[in-house]
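Data block below; observations after.
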Amino acid sequence: MKIPDRPEYQLETRLVHEGQHRTAFGETSEALFLTQGFVYESAESAENRFLNEEPGYSYTRYSNPTITMFEERIASLEGAEAAQATATGMAAVTVAMMGQVQAGDHVVAARALFGSCRWIVEDLFPRFGVGCTLVDGPDLDAWRRAVRPETKAFLLETPSNPSLEIIDIAGVAKIAHDAGATLTVDNVFGTPLWQKPLELGADCVVYSATKHIDGQGRCLGGVILASTEFIETKVQQFLRMTGPSISPFNAWVLLKGLETLSLRVERQTETAGFLADSLHDHPKVRRLTYPGRPDHPQADLIKRQMRGGSTMIALDVKNGKAGAFRFMNALKLIRISNNLGDAKSLVTHPATTTHQRFTPEQRGEMGITDGLVRFSVGLEHRDDLLADLIQALDRV
Ligand SMILES: *Cc1c(COP(=O)(O)O)cnc(C)c1O
């Protein structure tokens, strides 16, 4: 897709100002339009708006000025022509993928997907006659081999959750396009700051805005970013008719979250890099994976494809599940939660929570060992975090 010309202001400036539509009251902060509907000056005006011959809003399931402000701001951040906000990250993935296929079609997806995303392609799609092949994401030949004449869409997530493996977005995009298919990237772990899938050739990017975009653990939301044509033909009608629309209140929270996104993600990444370096050689750590360290197995690809590291660290603790549980239970400041991207540092044990429904073999294929702890780095002082991690590792 075509990327719009680079706007004249830098990213940090656009995160504060882009997309604001002031009302006649001249408010400083963006207005929250907590309204279901809109009234018309006349019956003719209502008719024309339904005919799409008059600009304006009609019903918040379709669109709303606060939601528009969020969409315009994040489209500017992503470098996308258009955006469609959704109620949750899963609504974004479901709408983006279902909007592209019909019975008889086939999709190819990376095996190491967020649990619910994998359920959509692996369990839900076949019910509607859409075939799915799961592949080992980093293996480009596997994507090539999975293509069929009826393949319409590819889906991947990189860095992957929770093992922080990297997939070559440009490489997979080329295979998709050669096959006449599109590529959708779930960019939650990449963050809009450090990874630009559209510039690397992807056709569509989806976010759970619940994560870094809110960044303070308050509300759910999602967004789909793509060309205007993609949003208008594949996404908009599907969303408007089926209804997974975002609340204007949540859109407003996320819009304000964008103002501080770069500050938060930069600091969280800096702290994550410091903690990864500090813990890498700890005797209780079997293996530490961090996409900002030169010893990451795909460091070259990371350099080509990402502008920064990550706010996430994958820690394989010694002694399997028992070691991981002892470590997590000994943490005093860092909390146990399945969420990520929050101002508060959080740890998750994927094998027993987010990826519990998979067999040990399936978990093995996704790099999820029994000792693996996923660590989402927050905004606390790095010395407090390091002290907490070390005292807890000492209990393993
Ligand atoms: C959290 C998450 C989702 C789902 O987002 P929700 O807002 O919880 O619906 C999808 N993909 C990834 C990678 C996630 O981390």
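Each reported figure results from applying straightforward, stated rules to the coordinates on display, with no laboratory input. Quick caveat: nothing in here was measured; it's all calculated off a predicted structure. With ideal geometry, Cβ positions are generated from the backbone for all residues, glycine too; neighbour counts draw on all protein chains shown.
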>> A 18 angstrom limit on the alpha carbon distance is what I want to check against. Which of 211/344; 318/344; 284/321; 303/344 exceed it?
In response: 318/344; 303/344
> Which aspartates and glutamates have a Cα lying under 18 Å from the Cα of residue 332, excluding residues fewer than 8 positions away in the same chain?
Replying inline: 342, 380, 383, 384, 388, 394
> From a point 7 Å beyond the Cα of residue 144 in the direction of its Cβ, which residues of the range 170-185 have a backbone N at a distance under 17 Å?
Replying inline: 170-181
> Under a Cβ-Cβ cut-off of 15 Å, what is the net charge of the residues other than residue 140 that fall near it, where Lys and Arg count +1 and Asp and Glu count -1?
Replying inline: -2
> Could you state the number of Å between the C-alpha centres of the range 295-323 and the range 176-239?
Replying inline: 23
> In deg cm²/dmol and to the nearest 500, what is the mean residue ellipticity at 222 nm of the chain if only DSSP H runs of at least 4 residues count, each as -39500 (n - 2.57), divided by the residue total?
Replying inline: -10000 deg cm²/dmol
> trypsin sites (Lys or Arg not before Pro) within the range 1-100: which are DSSP loop residues with at most 16 other Cβ atoms inside 10 Å?
Replying inline: 2, 22, 61
>> In the range 262-393, if the dipole is taken from +1 on Lys/Arg beta carbons and -1 on Asp/Glu beta carbons about the Cα centre, which of 315, 343, 362 is farthest to the positive end?
In response: 362
> So for the range 190-274, what are the equivalent ellipsoid semi-axes in whole Å, largest first, each being the square root of 5 times an eigenvalue of the Cα gyration tensor?
Replying inline: 25, 18, 8
>> Only sites in a loop by DSSP and with at most 12 other Cβ atoms within 10 Å count here; which GluC sites (Glu not before Pro) in the range 24-74 make the cut?
In response: 27, 41, 53
> Within the range 50-74, what residues put their amide N at less than 16 Å from the label point 7 Å along the Cα-to-Cβ vector of residue 228?
Replying inline: 53-56, 72-73
> What is the ratio of the Cα radius of gyration of the range 294-396 to 2.2 N^0.38 Å, where N is its residue count, to two decimals?
Replying inline: 1.12
> So how do 9, 57, 290 line up by other beta-carbon neighbours within 10 Å, fewest first?
Replying inline: 9, 57, 290
>> Using DSSP to call loops (not H, G, I, E or B), can you name the GluC sites (Glu not before Pro) in the range 138-171 whose Cβ has at most 15 other Cβ atoms within 10 angstrom?
In response: 150
>> 7 Å from Cα along Cα→Cβ at both residue 277 and residue 382: what's the point-to-point distance in nm?
In response: 0.6
>> Testing the spin-label approximation: label points 7 Å from Cα along Cα→Cβ at residue 307 and residue 16. State their distance in nm.
In response: 1.8
> Quick one: in the range 226-351, what % of C-alpha pairs are over 17 Å apart?
Replying inline: 71
> Hey, what D do you get for the chain in µm²/s if you plug the Kirkwood alpha-carbon radius into Stokes-Einstein at 4 °C and 1.567 mPa s?
Replying inline: 59
> If you average the sequence gap of Cα pairs under 8 Å that are 6 or more apart and divide by the length of the range 262-393, what percent do you get for the contact order?
Replying inline: 29
>> Using a Gaussian network model on the chain with a 10 Å cutoff between Cα atoms, which of 106, 212, 280 fluctuates the most?
In response: 280
> So what is the diffusion coefficient of the range 1-95 in µm² per second by Stokes-Einstein at 20 °C and 1.002 mPa s, using a Kirkwood Rh over Cα pairs?
Replying inline: 139
> How do the peptides 77-84, 281-288 rank, highest first, by the average count of neighbouring beta carbon atoms within 10 Å per residue?
Replying inline: 77-84, 281-288
>> Whole angstrom only: what separates the Cα centroid of the range 362-391 from the Cα centroid of the range 24-46?
In response: 46
